[in-house]
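Q: I have a structure I would like to understand better, so I am pasting it below and will then ask my questions one at a time.
The values are calculated or read from the model by the stated rules, or taken from the named source; none is laboratory data. All of these numbers come straight from a predicted model, not from anything done at the bench. Cβ placement follows ideal geometry from the backbone for every residue including glycine, while neighbour counts extend to all protein chains displayed. Remember, those area values only see protein heavy atoms, side chains included, never the ligands or the DNA or RNA. Shrake-Rupley method; radii C 1.70, N 1.55, O 1.52, S 1.80 Å.
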Amino acid sequence: METSSLKKKMRSGYGRSISEPLLPLILGRDVSGVVAAVGASVKSLTVGQEVFGALHPTAVRGTYADYAILSEDELSPKPASVTHVEASAIPFAALTAWRALKSTARITEGQKLLVVGGGGAVGFAAIQLAVAAGCHVTTTCGNQSINRVMAAGAEQAVDYTAEDLEVVIKGKFDAVLDTIGVPETERIGINLLNRGGHYMTLQGEAAALSDRYGLPIGLPMATAVLLKKRIQYQYSHGIEYSWIYMRADSEGLHEIRRLSEAGKLHIPVEKTFPITQVREAHEAKDKKQILGKVVLELD
């Protein structure tokens, strides 16, 4: 199972207003393994079958365990061409990108997409999903990711640490997926959109505001912030504004499996740890000792 920035933030207390009453939590959202048992209503999966998938972000019983409980629509047969380690790095990131591109922006062949932060897992998945759909992709990333995102099919990759994005990126886009989500990237992304385009950020404020003010006040505040921004940007720029969260999507997961099988979607794994070293794995990511994906392995 894969470790991600969300799990590290949760271990540090992010989302505590939602999760604290449910402690102790089992972290982990991605999983790849073998079906040990199925419920009476399960039709598409069988005991002994190799599967991969991802739990909803708010799940209490995660995948950092010998056995994980998932619903049928959260799993798909594992791509036969990849290992369990490789498969476990794919679902949560790819489904997040899928929701942005397919469910929200509804991208179509020939459209232009800007991915802000294409070096991260969600951004890298989005590049590959968009290329597979026949879109033209521009992305921003660090210097160490330039070659990788270009090999994945991006037509332009801009090193945000060395170049002025507003000078280097030309033209307008039909959709912007902002995986960084700071005010500067939001401003730039929105200004680069065509009218009728979609700006989508992963950095929604629901959890942060709920942590700060508590659920009864924080969630309505977050809803009000989102509504205000939607109205503001619709009026000022004629664009749609969305916060993006991963959700189970059986159709999306099966398409992700198909693309993985065809060699059109992969997320490289930089290092694995035994599951007994989950703390060490998180700390290595916190200290930026490992830039890429980390996977926890069971014996």
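Q: Do we find that Lys43 is modelled with pLDDT of 95 or more and open to solvent by 20 Å² or more (accessible area, probe 1.4 Å) in this structure?
A: no
Q: Another question, then. Identify, by number, the condition in (1) surrounded by fewer than 20 Cβ atoms within 10 Å (Cβ to Cβ); (2) out of contact with any Pro (no Cβ under 7 Å at 6 or more places or on another chain) that Gln49 doesn't meet.
A: Checking Gln49 against (1) surrounded by fewer than 20 Cβ atoms within 10 Å (Cβ to Cβ); (2) out of contact with any Pro (no Cβ under 7 Å at 6 or more places or on another chain), the one that fails is (2).
Q: Let me ask another. May I ask you to list pairs of residues, at least six apart or on different chains, whose Cβ atoms are under 6 Å apart, with the first in region 83-98 being free of Cβ contacts under 8 Å to residues at least 40 places away in the same chain and assigned to a helix (DSSP H, G or I) and the second being open to solvent by less than 10 Å² (accessible area, probe 1.4 Å) and among the basic types (Lys, Arg)?
A: Qualifying pairs under 6 Å: none.
One line per residue, one yes/no per condition, for (1) on the phi < 0 side of the Ramachandran plot; (2) among the hydroxyl-bearing types (Ser, Thr, Tyr):
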| site | (1), (2) |
| --- | --- |
| Glu86 | yes, no |
| Ser103 | yes, yes |
| Ile107 | yes, no |
| Val131 | yes, no |
| Gly134 | no, no |
| Arg148 | yes, no |
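Q: Identify the residue in region 25-35 that is open to solvent by 40 Å² or more (accessible area, probe 1.4 Å) and modelled with pLDDT under 95 and, among all such residues, is farthest from Pro79 (Cα to Cα).
A: Among residues in region 25-35 that are open to solvent by 40 Å² or more (accessible area, probe 1.4 Å) and modelled with pLDDT under 95, the one farthest from Pro79 (Cα to Cα) is Leu25.
Q: Looking at this structure, is Lys264 in contact with a Lys or Arg (Cβ under 8 Å, 6 or more places away or on another chain) and farther than 20 Å from Gly189 by Cβ?
A: Judged against the criteria, Lys264 is not a match.
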